[in-house]
Amino acid sequence: MRYPVYRGRRLRGNAAVRRLVRETRLSSQRLILPLFVEPGEGVRHAVHSMPGVFRTSVDEAVHDARDTYELGLGGVMLFGIPEAKDEQGSWAWSADGIVQRTIRALKSEAPDLLVVTDVCLCEYTSHGHCGVVEDGKILNDPTLELLARTAVSHAEAGADMVAPSDMMDGRVGAIREALDGSGFHETPIMSYSVKYASEFYGPFRDAVDSTPSFGDRSAYQMDPANGDEALREVLADLEEGADILIVKPALAYLDVIRRVKEETGAPVAAYHVSGEYAAIMAAIERGWLQEGAMREALTSIRRAGADVIISYWAREFARSV
Ligand code: PBG
């Protein structure tokens, strides 16, 4: 296309035309807000490395969830900070666990709000790993049963959808079978299919106190250098019954989001994770960036192919449109 026949600026000259031809629109309905819940009442602790994010007790989470629903957001994703941790992470599947109690409260106070739960053990284990540990190794197969139990306990409490984030092989199949076996055939699984061993989870681990006490997660989470491997992971998960595929983190992996979307045609969610959020928020606090930078980042994730975005900025986005 040759100048002067082609003049790209004709479509940029005024706001009405720009709006008309805008290719990517982010909508509140596509955003899921993570909520961190801990024991107590009237608790609202700021997470210092994540400005605008709080750890709250169940009553306060209900308040935030109502707000989320009224703003027209897609839903919430729950993370729990348990009253106690042990070797196996048994508070993860307790009917009286913090997440199970939160689900019940949300379902009675804001029944139409979509409640998704993160299914993992790392917040609940004393060693901070996402699976059963023996001799310094994270065991795959013995972990599956614990994850399945956790997912079923969430469904029993009323969760609309479960999201396993542990990266054990075969866990989607194990969870699907356990859900079906308990009568939850219609509870979808949003699988963290493509989860990298990323530095960008740092602020989250501060928030929920889940930094591994030894080693790191690179024996189960993916190598940030790999793209083809992401396709193998999503195909395996789809075969095991995953309904929505998560790519995580998001901004540093836009190419992967695009490839997963194109290769599978399945609904794709991207998690704009704590460190990605914190980096932009820190710059905004210093006056080095404006809020538009956050909107631009989220728009790029949508443009890359994500149908759903899990974002700590979801409410701010909804308020700004
Ligand atoms: C649990 C889990 C993590 C995140 C979501 N689920 C942390 C991890 O794998 O260490 C990270 C979310 C974020 O950084 O915002 N396994």
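The values are calculated or read from the model by the stated rules, or taken from the named source; none is laboratory data. Quick caveat, the model's predicted, so the values are computed rather than measured. Quick reminder, even Gly has a Cβ in these numbers, built from the backbone with ideal geometry, and neighbours come from all protein chains shown. The accessibility values were calculated without ligands, DNA or RNA, using every heavy atom of the protein model including side chains. Shrake-Rupley method; radii C 1.70, N 1.55, O 1.52, S 1.80 Å.
Let a ≥ b ≥ c be the square roots of the eigenvalues of the Cα gyration tensor of region 134-276; is it rounded (a/c under 1.5), or, if not, prolate (a/b larger than b/c) or oblate?
It is oblate, given that a/c is not under 1.5 and a/b is not larger than b/c.
Quick one: dipole size for the chain, taken about the Cα centre, charges +1 on Lys/Arg Cβ and -1 on Asp/Glu Cβ, in debye to the nearest 20.
Approximately 2440 debye in magnitude.
Checking a compactness column here: for region 25-246, what do you get for Rg(Cα) / (2.2 N^0.38 Å), N being the number of residues?
Normalised Rg, Cα atoms only: 0.96.
Using the Karplus equation 6.51 cos²θ - 1.76 cosθ + 1.60 (θ = phi - 60°), what ³J(HN,Hα) coupling, rounded to whole Hz, does each residue of region 31-37 give in order, writing x for Gly and Pro?
Whole-Hz 3J(HN,Hα) from phi for region 31-37: 9, 10, 9, x, 10, 9, 10.
Let's see if you can work this out: charge +1 on each Lys and Arg Cβ, -1 on each Asp and Glu Cβ, no other charges. What is the dipole magnitude of region 92-156 about its Cα centre, in debye to the nearest 20?
Value, rounded to 20: 140 debye.
Pop out the carbon and sulfur fraction of the accessible area of the chain as a percent, whole number, probe 1.4 Å.
With neighbouring chains kept in place, the figure for the chain is 49 percent.
Order 161-167, 8-14 from most to least packed using the mean count of other Cβ atoms within 10 Å.
161-167, 8-14
Please state the shape class of region 208-294: rounded when a/c is under 1.5, otherwise prolate if a/b exceeds b/c and oblate if not, all from the C-alpha gyration tensor.
Oblate, because a/c is 1.5 or more while a/b does not exceed b/c.
Find out how many positive minus negative residues lie around Asp228, taking Lys and Arg as positive, Asp and Glu as negative, among other residues whose Cβ is under 15 Å from that of Asp228.
Spelling it out: positives minus negatives among the neighbours equals -3.
Remind me, what semi-axes does region 64-167 give for its equivalent ellipsoid, largest first in whole Å, using sqrt of 5 times each Cα gyration tensor eigenvalue?
Listed largest to smallest, the semi-axes of region 64-167 are 27, 12, 11 Å.
Where only protein heavy atoms count, and the probe is 1.4 Å, what is the accessible area per residue for the chain in Å²?
45
So for region 25-246, taking the charge dipole from beta-carbon charges (+1 Lys/Arg, -1 Asp/Glu), which of Met50, Tyr201, His154 sits furthest toward the positive end?
Farthest along the dipole direction, towards plus: Met50.
For region 232-297, what relative contact order do you get, as a whole percent, if you take Cα pairs closer than 8 Å and at least 6 residues apart?
Relative contact order, region 232-297: 29 percent.
If one takes the longest principal axis of the Cα atoms in the chain, at what angle in degrees, from 0 to 90 and to the nearest 10, does the Cα axis of helix 171-181 lie?
70
If Lys and Arg each add +1 and Asp and Glu each add -1, what is the summed charge of the other residues whose beta carbon sits under 13 Å from the beta carbon of Val62?
Net of charged neighbours comes to -2.
Relative to the longest principal axis of the chain, what angle (0 to 90°, nearest 10) does the C-alpha long axis of helix 58-70 take?
Approximately 30 degrees, to the nearest 10.
Using alpha carbons only, how many angstrom separate the centre of region 236-300 from the centre of region 103-166?
Cα centres, region 236-300 to region 103-166: 22 Å.
Helix 274-285 sits at what angle to the longest principal axis of the chain, using alpha carbons and giving 0 to 90 degrees rounded to 10?
50
Counting pairs on different chains as well as pairs 8 or more places apart, how many Lys pairs in the chain have Cα atoms under 25 Å apart?
Close lysine pairs found across the chain: 7.
What is the chain's relative contact order, in percent, from Cα pairs under 8 angstrom and six or more apart in sequence?
Dividing the mean separation by the residue count of the chain yields 17 percent.
Which of the chymotrypsin sites (Phe, Trp or Tyr not before Pro) found in region 239-321 are loop residues per DSSP with 15 or fewer other Cβ atoms within 10 Å of their Cβ?
Counting only loop positions with at most 15 other Cβ atoms within 10 Å, the chymotrypsin sites (Phe, Trp or Tyr not before Pro) in region 239-321 are Trp288.
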